[in-house]
1. Hey, among the residues in segment 178-190 that are touching a residue at least 40 places away in the same chain (Cβ under 8 Å) and part of a helix (DSSP H, G or I), which one's surrounded by the fewest Cβ atoms within 10 Å (Cβ to Cβ)?
2. If I ask for residues that are surrounded by 14 or more Cβ atoms within 10 Å (Cβ to Cβ) and either in a loop (DSSP other than H, G, I, E, B) or touching a helix residue (DSSP H, G or I) at 6+ places or on another chain (Cβ under 6 Å) (or both), which ones from segment 50-74 would you list?
3. It is to be established whether one or more residues within segment 104-127 are assigned to a loop (DSSP other than H, G, I, E, B) and either under 22 Å from the mean Cα position of the chain (by Cα) or crowded, with 21+ Cβ neighbours inside 10 Å (or both).
4. Can you go through 342, 438, 351, 365 and tell me which one is touching a strand residue (DSSP E or B) at 6+ places or on another chain (Cβ under 8 Å) and either assigned to a helix (DSSP H, G or I) or farther than 23 Å from residue 19 by Cα (or both)?
5. Sort out which residues of segment 191-204 are more than 20 Å from residue 446 (Cα to Cα) and either under 20 Å from the mean Cα position of the chain (by Cα) or touching a residue at least 12 places away in the same chain (Cβ under 8 Å) (or both), and write them in order of number.
6. Please go through segment 222-259 and give me each residue that is surrounded by 12 or more Cβ atoms within 10 Å (Cβ to Cβ), at pLDDT below 90 and not in a helix (DSSP H, G or I), ordered by number.
7. Could you list, in sequence order, all residues of segment 299-325 that are at pLDDT 90 or above and either in a helix (DSSP H, G or I) or buried (at least 21 other Cβ atoms within 10 Å of the Cβ) (or both)?
8. Please tell me if residue 91 is surrounded by 14 or more Cβ atoms within 10 Å (Cβ to Cβ), in contact (Cβ under 8 Å) with a residue 60 or more places away in the chain, farther than 28 Å from residue 385 by Cβ and under 21 Å from the mean Cα position of the chain (by Cα).
């Protein structure tokens, strides 16, 4: 009996695209009326305004056109991936980071059991208190290199960033982009029930750390158990074939590393000031890489060659971002997104309060496949979930918890999440490999989320 093989990521997304197109023939087209909230400036859904409209199914030719249209709509993310890949192609070619890490590897190895959890906590705080997700893909290459230096693999480095960050964001003790926006729509005091969210923060981040470290220690003991073992072999072969020898941590490499470190300090300041990933962060990183290249002694032609090589390494993943966007294009053209939202709100009205809040979480979890933005999903779904919560006896605070957990946790799962796919591309980790590694943790987190949502309702989490 043949062992089941996970299909290529392009095949997985193509199947979803076809399914989305079929839905435009099955589901009736419809839409809600929307209005601008003068207090916040956000566009919200008007509850009770859903109306059926003429069917707009997407034809086969329309499906084919949705692919390039998705590429166009996701162009900013795609080019972020190319710029990040190319920039780190230059930085990696200097060998400064690897030399710096190797020169202190003995110290780092003794601290390895602490360093990965420490990184995960830092990224969790950035997600849960500052709402940072999209811009953190800039740290993917560094985390991967750091992980390999400690004797782990690329998956550990990528997971340390992603699992920690997403868990923190999902719990959102003081995150304006999910908790704050949802509570504002629900007319709750901003960041109320902070203590409950901190308990969730500690438990979800703690479970994530335990899951990552269990895998990390297993891989360091036996590298062949790595989910991305083939990638690690290719990485070693590429290093050998390019005859790249890290060698001694020379004065020149120390200077280059100093430039890179100072550059990253400036980058962190920019991120904290709200720089956009599409232009400011990408442009800054490109400039920093070019300066590092010149300081290392590269000629202009060499810098260009390293940039192209770095961009070439992330081509497949970059295109996945645009291909996944075609799913949203089809659902939008078929005018079935609001139909799905209306149908879900109607079904949820028939449940008891505890089951109802759990089903709200499930709905938000799957609806995030369509609308990735936390604030965007809150503006779309919460105007319907709040009156529905009042109707079936769910506290508004519990409805917000169901929203933020459903929206947040699924950011690490759906292929329509641009930052996830961009990060995987930069780390050169296939989406199918990520699913294989991440799904057990996802199941654990979903169960935990259902328990927390139900417990919030059972205890009457408020103030209302």
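1. 184
2. 50, 55, 57, 58, 63, 66, 67, 69, 70, 71, 73, 74
3. no
4. Result of the check over 342, 438, 351, 365: 342.
5. Selection gives 191, 192, 193, 194.
6. Those that are surrounded by 12 or more Cβ atoms within 10 Å (Cβ to Cβ), at pLDDT below 90 and not in a helix (DSSP H, G or I): 244, 246, 249, 250.
7. 300, 301, 302, 303, 304, 305, 306, 307, 308
8. Criteria not met by residue 91.
The values are calculated or read from the model by the stated rules, or taken from the named source; none is laboratory data. Quantities reported herein were computed from a predicted structural model and do not represent experimental measurements. Virtual Cβ from ideal backbone geometry, glycine too; neighbours counted across all protein chains shown.
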